[in-house]
Structure formats: C-alpha cells, structure tokens
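Worksheet for the structure shown next.
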Amino acid sequence: MRFLLALLTSAGAPLAAQQTNAERILSGRDTPSHDYDLIHQTIEVRNFDWDATAFDGRVTTTVVSRRPGLNAVALDMGRRLAVRSVIAAVGRSGGRSARLQFTRPGDSIVVRLAKPAGFRDTVRFTIDYRGKITHGRGLYFFKGEGRPHRPQQIYSGGGTDGNPNWIPTYGAPHDKATWDLVATVPASYTVVSNGRQISDVKGPNRTHTVRWRQERPASTYLISLVVAPFTRVTDKWRDIPLNYYVYPEDAPLARRLFGMTPDLMETYTRLTGVKYPWPQYSQATVTDFVGGMENVGATTLVDWLPDNRAYLDRPWYRRALIPHELAHQWFGNLVTTGNWVNYWLNEGMAEFMAGQYWATKLGRRNEEDYYLEEYRQYLELDGRRRVPLAAYSSNVVYAKGALVLQMLKQYLGADRFWASINRYLTKHSFGNALSDDLRRAVLDATGENLHWFWNQWVYQAGHPELVVSAAYDSAESSLALTLRQVQVDTAQPDSSGLRYSTPLIFRAPLSIRVGTTRGDVRSRVLLDQREQVVRISGLRSAPTMVVIDEDNSLLKTLTFEQPSRWLATQLARDPNLWNRAWVIEQLSRRGSDSVAAAALARAARSADYYRVRAEAALALREFPPAVAEPALQAAARDTSSSVREAAILALGAIGGEKAESLALAAWNRDSSYAVRATALGVVAHLDSAGSKELVRRGLTMPSYRDVIQTAAITAARDVADSAIVEGLAGILGEQRLVALTLAGLARRGDTQALSILVRHRDDKRPWVRRWVLEAIEQELEKGS
Ligand SMILES: [Zn+2]
C-alpha cells in the first residue's frame, strides 16, 4: 500500500542529523499538527462518465475548531478536482449561506472562513466540484476490458493516500470522523460503501440514488465506493449481516469462498475478546485490483474467485487475503495507527491474525507453515533494503510485523499475549495507537516491561545472524556450543539524516535440544552477547543431532555446519517446520552425499507434513537420478498438489525419459491446475519438438487465474511454430503477456508474429491496441 507523504500541515523542519529511529518515534513527531477536528462529511457523487473518467461531487464538511481564531480550514484535495464553489452554512440551522474564498496549494484546498472561529466552534461548508480522475488515482473507471464477464465498474482504491484524489477530506489517519456517502448511478448498478445502507431512491433517466451511512468514527482513508452490476449473496454471523457482492457469473462461486467469513469472525472475536465492531460486513469483488483493501465494514477485493478445482492448490485468496482484510476491521479500522510511521500496527497485526486463524483451524504445523512463508518474504525484503518495522515506507511491515508478533506470542504465552491484545483493542477503540501503546498494553496486562523487545524488534532493523559451532567432549560428556551474532550495523544515515540501526547484540531466550541414542538433553539459554559459549552437560552418549532454537521462537538466520548424519536425524525427528526446512536446505547442497540423498528421499516420500515432502522433493533435483528418481516418482503421486508440483519440477531439472513420461502423465491426468501448468512447462522444456501440440492446446485451456494458459504462452517462446503463433493471435485480447511474447518472437525473426502485431495495432478493442503498442515499444527498446 502506498503512504500519505506530503501533508499540508505536517512539520516541515529538517531533522537533526543522526537522529535514530527510536528517538523519532517515541517523540511522536510523525503525527502532523492539525488545528481542527473533522466531525462529519456528507459525500455526494453523481454523473459518472466512464469515457471522460469524471464525475460531479459535492462534499459537506463539518469541523470543530481546536484553537481560537481559526480563520481557514485546509483539507487534502487532489489538484485535478476542479472546485466550482465553496458555500458556508451560516447559523445553527444552516438557513443562510455565503460563498467562501479558497486557494488550492498543491493537492489541497484552503477554505477561508467568513469570520474566525473560536476554540470549539463548529464550522460547516460545502465544496462543489467536477472530479476529473486519472484512472487508478483515487478512483478506477473500468470499462470491461479483457475477459467478457468482467463488467464496466467504478471503485475507489488508492490505498492509504488515495481518497483525497476524489474527495476533499482530511487524509491522515489520526482524525476519525463519521460520514454519509450518497451516490447516484445507473439503475442496473449496485452501490457498496461503508456502514449501513440508509436508502435507495429511484431517480430520473433510469438512475437511482443510494445512501450509506458510517455512524461510528473511522479514518477517512477507509472511505469506500464500489459501483458495479453486482449480485449480492447474503450470509450472517450472530446478529451481523454479511454481504458478498460478486458479478452475476461469479455468484455460484461466492458462497464456497466467502462462506469462511462467519467462522473467521467467530475466531477473531474469541481470540481478541472483542466482538466484530461494525454493523455489517460487505466484501465486494472488482477487476484488476491490487489485492484487497480493508475499507471500514466494506472490504474491496480482487475478482479472482477460485473454482472448485482451484481449492486443490490452496488459493492465496482463501489462505491469506480474506483473513487478512477481515482482521483489519479490528487492527487498522477499530484501532488505527496514529501515523504512517507506525503502519505495521495495521499491517503486521492483520498479517499475523491470518496465521492465528489457520492455527486454530488446522493446528500447529499449519501455523508454522504460514509464518515460514512470511519468513522467506521477510528475508528477501530485508536483503533489498534494511529498515525497521516502525519507519516511513518500511517494506517489512507485513512479513516482519507478523513474525515479530508471533515471537511476542511465543515469548508471553498465548493467554498473556491475547490478554495484552485485548487491552490494546479496548483501550484504543475507535481511536489511534502508536507502537509504544501496544507495549504499554502488554505492560498493563502482564506486568512485563518489554522495552528491550520493542527496541530491538520495532525501532531497530535486522535480525540476529547466528553462527554456531559445536565441540563434543566425550570425557566430560558435554557439548560446547559457540554462539556468535555476526550481523553488522552499517550505521549510515539516510538522506533525511535518519539513522536506522541494527543491534549488534539481540537478546532472546533460546531453547537447545541435543539428541543422543540414549535420550535427549534440553537446555534453555539467554542469548545476550556478541559471542557466548554454552556448555551442555549430562550427555550419555555422543550427539546425534543438535537443534538450535527448538521451537523457532527467534527470528534469525542460522549458519551451523554439521555432519549429514545429524541433519538426517533432525529431519526425521524434529517436528518444527522451520527447523526441517532449514535442514533440507543444508542437505540440498550435499549432492554427492549418500546420507543426505537418503534423508531427503525418505522425507519426500513419507514426511508427515506436505511442505516437508515438497521441499525435500525439490531438493532432490541436485542429486543423481539413481537416488532421486524413485523418490520423485512416488512424490509425483502424492495426495498434495504442492508435492506433485515439486516432484515434476525436480524431474524436469534432472531430465531423461522417465522424467518426461512422468511430466506428460501429470499434464494428461492431474487434477490440479498448478501441477498441470508446471508439467506443461517441463514437457516443453524436455521435448520441444514433441510438445508443440500440447502447448497449442494449453493456450486456450481454462484454469484458475490462467496458470495453464500462462505456462503455455511462456513455453511458446521456445517452441513456437505456425500453429502456436496463430493460437497466440487468437488469445491476444485475454492477457498482456501474449503481445509481449509475439513481439519477442518477431524480434527473433518470426515474420508471422510480426504481421500479427502489425495487423492488431488497429484492433477494435482499445486494450489490445494498447498492449500491442506497448509490446512493440518494449521490444524495440531491447533492440536498440
Ligand atoms: Zn493490510
């Protein structure tokens, strides 16, 4: 999501050089000053014009002055919104009115009041304007491009800073207000917005006017408008009405997907001890959306509804998207970050909660699975740019946010953790919070002052990079473990003088398990030095495995060279998923080691959790066919599509006749879209001549999110013949990748591909013309 950067009223003073992130956040300087309190807005929109991407707007704003002598009110308002007039309501009843002067500095409007308002005086005025929109800035005007079932529609969706691009409002999150949203649209279109629908009145020229009312205060970045010809599927949780708004063609898919909502609400309510806080919950699907946006009581989601077969591949939509956005109704919407520096309070909590839902539904291993994915995302992001959780534009607010909260839960234990969360939510309901407010909630609920935890995980960046070595002393029956933290602190201030530091020493309790043939020994240590030696005594025989951080309660990287035998034992005995994934990665680099091969083959066939089998199968691609193939052949028949997909990929890397026939069998018979898509790519790679017919058929094969079509288009780059190129021409309007592929082929001398592109520069579908021109330009750039 994007961030609100240039706020009119924010403090513009340059920062003192070398100020650390923690100083800055604790001083609260990132919440902008603000001399009025936004109370209510009535937002009226009408005359939507899809061709001009424009509409007419009229917004009546009520504010209360927070200082004596308030002579102007500044609102955020995109410069493309053309103001016709500003009229003040004068007197309590608003009976008389007066035109007000205004100026438009930047993306704002400053309304000059007729006379200065006193401290606590109420001020009300109406801005009348023509909203000219750049498509995708604040509002999206979708005209029905691409696939036929996606109808013409309009939706708001600029993320956290988008709404001032279509309505004048106060954009920062720390001033909550109520609002009415009144939209006049063609009669066949549904209007979805926040709060409750108050009225729906027929108007002239086959229009209707729908009024929604948000009666409890919320931040204005959560104002939402969706206009589309929807079918509404209704549901209920306790006394809360639930609405799933989908295109008529998607209606048969809606209940299976969104039907998880009541159970999610029940689970979140039980975990947090705070009931779902809004009068109803709507979920509306729209085209070409970035994912989801948790508008208050009315989430907007992309229109990728899985069909029945797609559920075999654990669709992200169900796994992450719906749970994440619903969690925001508590974290972000009920309690909102006080400024964008503390944005992780919104995103980290929402991302964390989805994992907690799966933990309660599917158990411990599934919970670990969820956070393992977050961990991998985090490492990738942290590798690109190292920023603390609490920082402007921090790129780790989702993944690291979720991981830090999971760590906190492991540290406190579930009961104390949820009691702390309950404190946080109840104390700041319908208000705002900063990072330190969450720490105080923990302090209130548990008596634990976690300054050290916040300091290293929230205000500073990075994570411990642990390097471990082991020495066994048989005479002493003890194991000496040297634990070193090798992370570095580059200590470079950024352009604003802000310095993001990485702790050279992270503090954390850690559990170590040493396995022997005569019983295991466990030891708890406090990690609190740059280098420390831990001696584990009482071993009754030599170690057979050494597990550092047994329950993976510390966010870290681990370097620990060990004999393959130890790793193999751990892979067989350690239930923790992160630990096993780490072991698989170690073993995967030992391609000529028979102990490693046997351990991976065993895991690929028979580990108790699908992800372990899948990762072990994939790791076997680095091993000789004689050991890898039998295990992969078994994995290719696994009940989990992820394992089958991994097996086919690994076989593709190994190659040979066996691999080819297994991939072909998967293409022909597998029930999963993902497996078939992968198999198509593998067959095309292994047998470019024999796979042409199969690639051509793949181009038009329907699948969830077009994974098979996309695999076929990708394969076409390498195996294209005349029939395939003709097939590409036939699907030119379905996705952008087709034009790019044709342009790539044309550049390599395919005259048929070139003539197709030339012909379709004048295609009657505007999006096809656009895609073709973009593709030609892009290829020309490569050529020059
Ligand atoms: Zn979110």
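The values are calculated or read from the model by the stated rules, or taken from the named source; none is laboratory data. All of these numbers come straight from a predicted model, not from anything done at the bench. Neighbour counts run over all protein chains shown; Cβ positions are idealised from the backbone, glycine included.
Within segment 281-339, can you find the residues that are more than 16 Å from the ligand (Cβ to nearest atom) and in a loop (DSSP other than H, G, I, E, B)?
Passing the criteria: THR287, ASP288, ASP303, TRP304, LEU305, PRO306, ASP307, ARG314, PRO315, GLY338, ASN339.
Return the pair list, or none, for Cβ contacts closer than 8 Å from residues in segment 663-678 that are closer than 14 Å to ALA647 by Cβ to residues that are assigned to a loop (DSSP other than H, G, I, E, B) and of a type in the set (Ser, Thr, Tyr), at least 6 apart or on different chains.
ARG676/SER703
Do the conditions hold for ASN342, that is, is it away from the ligand (no atom under 13 Å from the Cβ) and crowded, with 24+ Cβ neighbours inside 10 Å?
yes
Are any of the residues in segment 85-94 among the charged types (D, E, K, R), modelled with pLDDT under 95 and within 22 Å of SER224 (Cβ to Cβ)?
No, segment 85-94 contains no residue that is among the charged types (D, E, K, R), modelled with pLDDT under 95 and within 22 Å of SER224 (Cβ to Cβ).
Looking only at segment 205-247, which residues are on the phi < 0 side of the Ramachandran plot and either modelled with pLDDT under 95 or polar (S, T, N, Q) (or both)?
THR207, THR209, GLN214, SER219, THR220, SER224, THR231, THR234, ASN243, listed by residue number.
Among the residues of segment 264-277, which ones are touching a residue at least 12 places away in the same chain (Cβ under 8 Å) and either in contact with a strand residue (DSSP E or B) (Cβ under 7 Å, 6 or more places away or on another chain) or in a helix (DSSP H, G or I) (or both)?
LEU264, MET265, GLU266, THR267, TYR268, LEU271, THR272, TYR276
Tally up the residues in segment 345-367 that are among the hydroxyl-bearing types (Ser, Thr, Tyr) and either more than 16 Å from the ligand (Cβ to nearest atom) or touching a Gly at 6+ places or on another chain (Cβ under 8 Å) (or both), please.
1
Quick test of your reading of the structure: GLU615 fulfils all but one of (1) closer than 30 Å to GLN752 by Cα; (2) charged (D, E, K, R); (3) in contact with a Ser or Thr (Cβ under 9 Å, 6 or more places away or on another chain). Name the failing condition by number.
So the condition that GLU615 fails would be (1).
Just one of (1) farther than 19 Å from MET293 by Cα; (2) among the aliphatic types (A, V, I, L, M); (3) surrounded by fewer than 20 Cβ atoms within 10 Å (Cβ to Cβ) trips up ALA183, so point out which.
In the conditions (1) farther than 19 Å from MET293 by Cα; (2) among the aliphatic types (A, V, I, L, M); (3) surrounded by fewer than 20 Cβ atoms within 10 Å (Cβ to Cβ), ALA183 misses (3) alone.
Just wondering, is there one or more residues in segment 245-255 that are more than 16 Å from the ligand (Cβ to nearest atom), over 30 Å from TRP50 (Cα atoms) and more than 22 Å from the chain's Cα centre (by Cα)?
yes
Any residue that is under 20 Å from ARG213 (Cβ atoms), hydrophobic (A, V, I, L, M, F, W, C) and in contact with a Gly (Cβ under 6 Å, 6 or more places away or on another chain) - is there at least one of those in segment 38-48?
Yes, that holds for at least one residue.
Only one of (1) closer than 22 Å to LYS361 by Cβ; (2) surrounded by 20 or more Cβ atoms within 10 Å (Cβ to Cβ); (3) among the aromatic types (Phe, Trp, Tyr) is not met by TRP278, so which one is it?
Here TRP278 meets the rest and fails (1).
Looking at (1) outside any strand (DSSP E or B); (2) farther than 30 Å from ARG385 by Cα, which is the one condition that is false for VAL514?
Among (1) outside any strand (DSSP E or B); (2) farther than 30 Å from ARG385 by Cα, VAL514 violates only (1).
Give the residues of segment 705-747 that are touching an Asp or Glu at 6+ places or on another chain (Cβ under 6 Å) and either modelled with pLDDT of 95 or more or hydroxyl-bearing (Ser, Thr, Tyr) (or both), sorted by residue number.
ALA743
Does at least one position in segment 618-634 carry a residue that is β-branched (Val, Ile, Thr) and either at pLDDT 95 or above or surrounded by 19 or more Cβ atoms within 10 Å (Cβ to Cβ) (or both)?
no
Here is a check on your reading of the model: is THR272 of a type in the set (S, T, N, Q), away from the ligand (no atom under 16 Å from the Cβ), over 22 Å from LYS176 (Cβ atoms) and at pLDDT 95 or above?
Taking the combined requirement at face value, the residue does not satisfy it.
What number of residues within segment 697-723 satisfy the criterion of being part of a helix (DSSP H, G or I) and crowded, with 23+ Cβ neighbours inside 10 Å?
Final tally of qualifying residues: 7.
Any residue that is closer than 26 Å to ASN333 by Cα and in a loop (DSSP other than H, G, I, E, B) - is there at least one of those in segment 81-102?
No.
If only one of ASP175, ASP180, ASP200 is assigned to a loop (DSSP other than H, G, I, E, B), over 30 Å from LEU732 (Cβ atoms) and either among the acidic types (Asp, Glu) or in contact (Cβ under 8 Å) with a residue 24 or more places away in the chain (or both), which one is it?
Result of the check over ASP175, ASP180, ASP200: ASP175.
Could you list, in sequence order, all residues of segment 741-784 that are at negative phi and not in a helix (DSSP H, G or I)?
ARG748, ASP750, ARG761, ASP762, ASP763, LYS764, ARG765, SER784
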